[in-house]
Amino acid sequence: MKVVLFCGGFGMRLREYSEAIPKPLVCIGHRPILWHIMKYYSHFGHQDFILCLGWKGEMIKDYFLNYNECLSNDFVMSGGGSSIRLLNSDIQNWSITFVDTGMRSNIGQRLRAVESYLEGEENFLANYTDGLSDLPLSEIIDLHHRRQSIATFMSVKPTQSFHCVSANGDGLVQQVEAISDTAMWINAGFFVLNRAIFSCIAEGDDLVVEPFNRLIAKKKLFTIPHHGFFGCMDTYKEKQMLDDMHSQGNTPWEVWHRSRSGLAPQSVKRDQGEHVGLANPRLEV
């Protein structure tokens, strides 16, 4: 299944970083959150990506055009550097389509902008690209197919420190409780979508509010509640939390480390002074 990744927003709540670089390139550890998310989908066999670009999209293009496999993987160098044998690989099997979907487009309109690149795909995956999870991807895909859903998404319990307040018309407070203690679940931004979703998105619609309410009326919207790990990188505080986890080796979202199967070594040769990385460092787009 193809994977649509929404990479075009301004990331205003993470302005400490996103004023200089697009939010998907903000690093967790030493790799962008975009890389972590793509690695997650690749682990489950989904390696055909469509990136919906917008704000500073040229920086995302540049990141992949100049991606150096040797900086991210173990390798054997011989011949004074003329030959590089990669011991494993990150992105060599990935196909990445880069699409400018507008500077100020909302998620629904970004999705509409890439409809032609999903030709022949009955179902596809999509992600907000600002959260990490250890969700077994097959579970949400199986639910989607079993229910013949048009849209299926992962929901999680909120972890923010907000308090929900119930009051009567006079403002008399009747209840105060932590949002994490309520029955509320939130959309975590991991989607499986049927291409019928495009008939539900009108001009100007965002993805969730108008289209999803139409699907609710049709009983074609489902969610899978996830009790495992989910970490959103929406604010500086959340970014620091994920960084701290990474520095401590506590990375539950790195599901690819749990059942790593060794890849065959790959050879990369270069002339003197040539860029070291992929055999062809330019990704086909």
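The values are calculated or read from the model by the stated rules, or taken from the named source; none is laboratory data. As the structure is a computational prediction, the values presented were derived from the model and not from experiment. Glycine gets a Cβ as well: all are built from the backbone with ideal geometry, and neighbour counts include every protein chain shown. Keep in mind that these areas ignore ligands, DNA and RNA; they rest on the heavy atoms of the full protein, side chains included. Shrake-Rupley method; radii C 1.70, N 1.55, O 1.52, S 1.80 Å.
Numerical summary
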quantity: Single match in 116, 89, 166, 161 (criterion: exposed (fewer than 14 other Cβ atoms within 10 Å of the Cβ), among the polar types (S, T, N, Q) and farther than 30 Å from residue 237 by Cβ); calculated: 116
quantity: Some residue of region 200-210 being of a type outside the set (Phe, Trp, Tyr), in contact with a Pro (Cβ under 8 Å, 6 or more places away or on another chain) and either outside any loop (DSSP other than H, G, I, E, B) or open to solvent by 50 Å² or more (accessible area, probe 1.4 Å) (or both); calculated: yes
quantity: Test: residue 90 is touching a Phe, Trp or Tyr at 6+ places or on another chain (Cβ under 8 Å), not in a strand (DSSP E or B) and not basic (Lys, Arg); calculated: yes
quantity: First in region 224-249 and on the phi < 0 side of the Ramachandran plot and open to solvent by 50 Å² or more (accessible area, probe 1.4 Å), second anywhere and of a type in the set (S, T, N, Q) and modelled with pLDDT of 95 or more, Cβ under 8 Å, 6 or more apart; calculated: 225/155
quantity: Of all residues in region 169-199 being polar (S, T, N, Q) and within 30 Å of residue 41 (Cα to Cα), the one that is least open to solvent (accessible area, probe 1.4 Å); calculated: 194
quantity: Cross-chain or 6+ apart pairs with Cβ under 6 Å, region 121-142 first and within 21 Å of residue 53 (Cα to Cα), then aromatic (Phe, Trp, Tyr) and in a loop (DSSP other than H, G, I, E, B); calculated: 132/253
quantity: Residue that is open to solvent by less than 10 Å² (accessible area, probe 1.4 Å) and in a helix (DSSP H, G or I), where the choices are 50, 60; calculated: 60
quantity: Which listed residue, of 65, 51, is at pLDDT 95 or above, in contact with a Lys or Arg (Cβ under 9 Å, 6 or more places away or on another chain) and not acidic (Asp, Glu); calculated: 51
